[in-house]
1. Does Leu207 satisfy the condition of being over 15 Å from Ala189 (Cβ atoms), open to solvent by less than 30 Å² (accessible area, probe 1.4 Å) and part of a helix (DSSP H, G or I)?
2. Looking at Ile272, Ile252, which one is closer than 26 Å to Phe14 by Cβ, aliphatic (A, V, I, L, M) and part of a helix (DSSP H, G or I)?
3. Take the residues in the range 257-286 that are at pLDDT below 95 and within 20 Å of the chain's Cα centre (by Cα); name whichever of them is surrounded by the fewest Cβ atoms within 10 Å (Cβ to Cβ).
4. From the list Gly109, Gly128, Gly114, pick out the single residue that is in contact (Cβ under 8 Å) with a residue 60 or more places away in the chain and at positive phi.
5. Please determine, by comparing only the residues of the range 183-225 that are out of contact with any helix residue (DSSP H, G or I) (no Cβ under 8 Å at 6 or more places or on another chain) and modelled with pLDDT under 95, which one is nearest to Ala33 (Cα to Cα).
6. Got a sec? Which of Gly239, Gly219, Gly201 is among the small types (Gly, Ala, Ser), over 19 Å from Phe174 (Cα atoms) and part of a helix (DSSP H, G or I)?
7. Within the range 146-176, can you find the residues that are open to solvent by 20 Å² or more (accessible area, probe 1.4 Å) and assigned to a strand (DSSP E or B)?
8. As an exercise: evaluate Thr82 against (1) within 17 Å of Pro258 (Cβ to Cβ); (2) among the hydroxyl-bearing types (Ser, Thr, Tyr); (3) assigned to a loop (DSSP other than H, G, I, E, B) and give the number of the one condition it does not meet.
Amino acid sequence: MRFTYAEAMTDPSFYLPLARAAEAAGYTSMSVADSLVYPRESDSVYPYTADGGREFLEDKPFIETFTLIAAMGAVTSTIRFTPFVLKLPVRPPVLVAKQATSTACLTGGRLGLGVGISPWREDFEVMGVPWERRGRRMDEAIDVVRGLSGGEYFEFHGEFFDIPAIKMTPARPFPILVGGHSEAALRRAVVRGDGWMHAGGGDLDQLLTRLNRLREDEGKAGGSFEVHVISPDAYSADGVKRLEDKGVTDVIVGFRMPYEKGPDREALHTKIENLERFAEKVIARA
């Protein structure tokens, strides 16, 4: 089992010391949140809060994902970074491929690219991307990013993207991890991804059962496939063993409620104490 430390929407000056502390404590990865803008008015519903509210995001600091990973990567040597998740279809995939391959090279391959479809219609609007057929756009974007990360000439001719034969240098492949709980997201993770990222909530056992069935149906039951989950079981060594028995490869743990309104007032030393305490009680035993 591998352990991912999650911290987001906090004082930007905390991230580098937190990355160093998590690495020293034995965490495998650190997740990195992604958010582009906060619209003044919105009818969008956030799928992972009980009431669908989004107000907790207002005035929360978000450093651009690849910029933050590069900064944390420069002060660490082993810990991996997993965007959780990058809103891929609102971005030009060629640019994402350049950012991701550059980040992977600068960090010595310590990138697992978590991607998903933004729940915010406004993200699509401000980026000039149609909301309609966003799932199919996501599929093509994954194909483009993967193709360009290989370092050879790659061309793509699809419904949304028409790319002549081009090459990126330097290039370094990385696993693509697909987030989401819908049937389409699970299938996309199996068919196009190297793993799946659970966003918390829902019936985890049911989601894992469906994910495994899709892997069997697609002939991908064997081999390496990453399964990242958020679960109360992750906070004990016995619970970690139960998750491992269900096929989970990575657990994502955090030590404060991220959906509270207002600024994060937790001190840096408290955050470090919390992540170290978990490492002593769970990581060391698991």
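The values are calculated or read from the model by the stated rules, or taken from the named source; none is laboratory data. It should be emphasised that the depicted structure is a prediction, and the values quoted were computed from it without experimental measurement. A quick note on method: Cβ atoms are made from the backbone with ideal geometry, for glycine too, and the neighbour counts reach across all protein chains shown. Please note that ligands, DNA and RNA were not included when accessible areas were found on the heavy atoms of the full protein model with its side chains. Shrake-Rupley method; radii C 1.70, N 1.55, O 1.52, S 1.80 Å.
1. Details: over 15 Å from Ala189 (Cβ atoms): no; open to solvent by less than 30 Å² (accessible area, probe 1.4 Å): yes; part of a helix (DSSP H, G or I): yes.
It is false that Leu207 is over 15 Å from Ala189 (Cβ atoms), open to solvent by less than 30 Å² (accessible area, probe 1.4 Å) and part of a helix (DSSP H, G or I).
2. On the way: Ile252 fails: part of a helix (DSSP H, G or I).
When all the criteria are applied, what remains is Ile272.
3. Residue satisfying both the conditions and the ranking: Met257.
4. Values: Gly128 fails: in contact (Cβ under 8 Å) with a residue 60 or more places away in the chain; Gly114 fails: at positive phi.
Gly109 is the lone residue from the list that is in contact (Cβ under 8 Å) with a residue 60 or more places away in the chain and at positive phi.
5. Restricting to residues being out of contact with any helix residue (DSSP H, G or I) (no Cβ under 8 Å at 6 or more places or on another chain) and modelled with pLDDT under 95, the top hit is Ala199.
6. Numbers: Gly219 fails: part of a helix (DSSP H, G or I); Gly201 fails: part of a helix (DSSP H, G or I).
Going through Gly239, Gly219, Gly201 in turn, just one is among the small types (Gly, Ala, Ser), over 19 Å from Phe174 (Cα atoms) and part of a helix (DSSP H, G or I): Gly239.
7. The answer is Phe154, Glu155, Phe156, His157, Asp162, Pro164, Ala165, Ile166.
8. Of everything listed in (1) within 17 Å of Pro258 (Cβ to Cβ); (2) among the hydroxyl-bearing types (Ser, Thr, Tyr); (3) assigned to a loop (DSSP other than H, G, I, E, B), Thr82 misses just condition (3).
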